[in-house]
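J.: One structure is given below, represented as structure tokens, and several questions about it will come after.
Any read-out appearing in this document is the output of simple, stated calculations on the displayed coordinates, not a laboratory observation. None of the values given here were measured: they were computed from a predicted structure. Here the Cβ positions follow ideal geometry from the backbone for every residue, glycine too, while neighbour counts run over all protein chains shown.
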Amino acid sequence: MSITRRGFLESAVVASLATGLNAQDKNKTPQPSPPTSSAKQPIIICSNNGRNYLDDAFLFLRNGGDTLDAALRVVKGPEDDPNDDSVGLGGLPNEEGVVELDACCMHGPTRRAGSVGGVRNIKNVSLVAKAVMEHTGHVMLVGEGAERFAVAVGFPRENLLTDRSRKVWLLWKENHSTDDWWGPGMSGPQWKPPTTPPQSELWKERIQRVEERAAQLGIEPEFRAAAIRRVLSPPTGTIHCSALNDKGEMSACTTTSGLAFKLPGRCGDSPIIGAGCYTDQDVGSAGATGSGEENIKVAGAHTIVENMRRGMSPQEAGMDALKRIVRNYNNDMNKLKFMDMTYYILRKDGAYAGVSLWEGYSDTSVHKIAIHDGTRRSQQTVALFKGVSHEFPPFPVTIPPELKEDSVYLK
Ligand code: GLY
């Protein structure tokens with residue numbers, strides 16, 4: 001019996017989801033609202049991979065720094081970090097092994113925006129998005145034109161593919177065999193849920209083979225579990241940050257290396273103004289991490305800000321956007337269990353919320369929003385569905401403690 005990579009992965013994901021999904025069908029309604037709002041100003045919120053950079057940015061904002069510059073200080077940290085493979089230097093590459101980055105920003109006080117998509121060889125694309133906003137009459141530049149613009153305004157060209165990300169890509173390339181991102185996705189009518197028995201022996205054998213190959217490629221033992229997870233379930237790691245100062249000015253940015261091993265030229269939601277990021281300082285700001293394709297279809301960040309304009313709380317506004325994703329799949333849990341989305345929402349009075357489709361990737365890796373309003377902290381997001389989008393790895397490998405919870409590797 002043969003099994004495709006995608007079918008194989010799906011069967012494993014089904015297995016890992018089994019427990020959570022039993023509960024999910026009974027839990028399709030939002031949970032009651034926890035107290036996620038502080039309504040303090042100034043305040044910065046971000047996805048949890050920006051947490052370590054909040055102190056510096058908050059100090060800058062409190063001392064009168066511009067709101068967009070404060071948000072950019074947060075996201076520049078992971079962009080510069082070669083060990084964060086979700087963004088900037090060391091980001092996981094496309095299917096050809098080339099890192100392509102997306103970013104956008106909005107400056108509330110001047111009501112301007114900038115964006116870049118599919119940029120190669122330039123590390124700080126969030127700053128390039130700002131440069132598009134400041135130095136051109138355009139809003140969005142993509143591909144080679146964006147790269148040439150970045151070089152023209154002074155950004156250095158550099159190799160963004162770290163040895164570690166190259167090895168993970170090679171592992172994916174060697175493993176993926178017949179299946180990749182080509183072919184219809186889950187939104188296509190042809191897509192069928194996996195039928196392979198969840199606890200298939202093939203799954204265990206496959207993981208064992210990938211693990212052996214990871215060792216042969218020289219992937220460090222402590223990173224091996226995370227590398228295998230990336231190969232079998234390519235991530236869409238991203239960082240978003242929104243900032244509000246004590247004058248009521250707001251700005252935001254989102255930056256990413258996008259979906260790992262994507263088709264060259266694929267842009268996700270992160271560079272799309274209104275999907276991955278949207279700010280209207282009369283109302284609020286929102287940003288997203290997660291399934292870019294799904295978020296584009298509901299214009300998530302814009303939808304949330306408009307919901308708040310009509311009077312919804314940050315949490316209600318975010319839940320409504322998540323429900324639009326659910327509606328796009330006619331509540332089909334056989335499809336929705338394979339996707340995830342997290343929104344980070346900040347209202348103009350400082351009230352905020354973090355909401356997500358699922359509680360996390362696993363029991364030990366829950367979705368979180370990081371906040372700094374004088375006190376830096378992380379809070380678990382409020383999930384539309386109980387349970388996890390998938391739980392990995394469902395095989396007998398001990399994940400080192402540093403790869404759990406707040407690890408940059410599991411974002
Ligand atoms: N949300 C990031 C992406 O899909 O590229």
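J.: Of the listed pairs Lys323/Lys348; Lys40/Lys130; Lys123/Lys337; Lys40/Lys323, which have alpha-carbon separations greater than 25 Å here?
T.: On the way: Lys323/Lys348 23 Å; Lys40/Lys130 27 Å; Lys123/Lys337 33 Å; Lys40/Lys323 28 Å.
The pairs that break the limit, which is 25 Å between Cα atoms, are Lys40/Lys130; Lys123/Lys337; Lys40/Lys323.
J.: Another question, then. Rounded, prolate or oblate for segment 222-313? Axes are the square roots of the Cα gyration tensor eigenvalues, ordered a ≥ b ≥ c, and the cut-off for rounded is a/c under 1.5. Could you put the intermediate results ahead of the total?
T.: Numbers: a/c = 2.72, a/b = 2.02, b/c = 1.34.
In terms of gyration-tensor shape, prolate.
J.: Collect residues whose amide H, placed 1.01 Å from N in the peptide plane, falls under 5 Å from the amide H of Ala351; neighbours closer than 5 in sequence don't count.
T.: Amide H to amide H, under 5 Å and 5 or more residues apart or across chains, Ala351 pairs with Ala39.
J.: Using Cβ contacts closer than 10 Å as the measure, can you line up His138, His107, His367 from fewest to most?
T.: On the way: His138 12, His107 24, His367 28.
The most exposed by this proxy come first: His138, His107, His367.
J.: List Met341, Met106 from most exposed to least, where exposure is judged by having the fewest other Cβ atoms within 10 Å.
T.: Starting with the residue having the fewest Cβ neighbours, the order is Met341, Met106.
J.: Sort Phe60, Phe261 so the one with the fewest other Cβ atoms within 10 Å of its own Cβ comes first. Could you put the intermediate results ahead of the total?
T.: Numbers: Phe60 18, Phe261 23.
If I rank by nearby Cβ atoms, fewest first, I get Phe60, Phe261.
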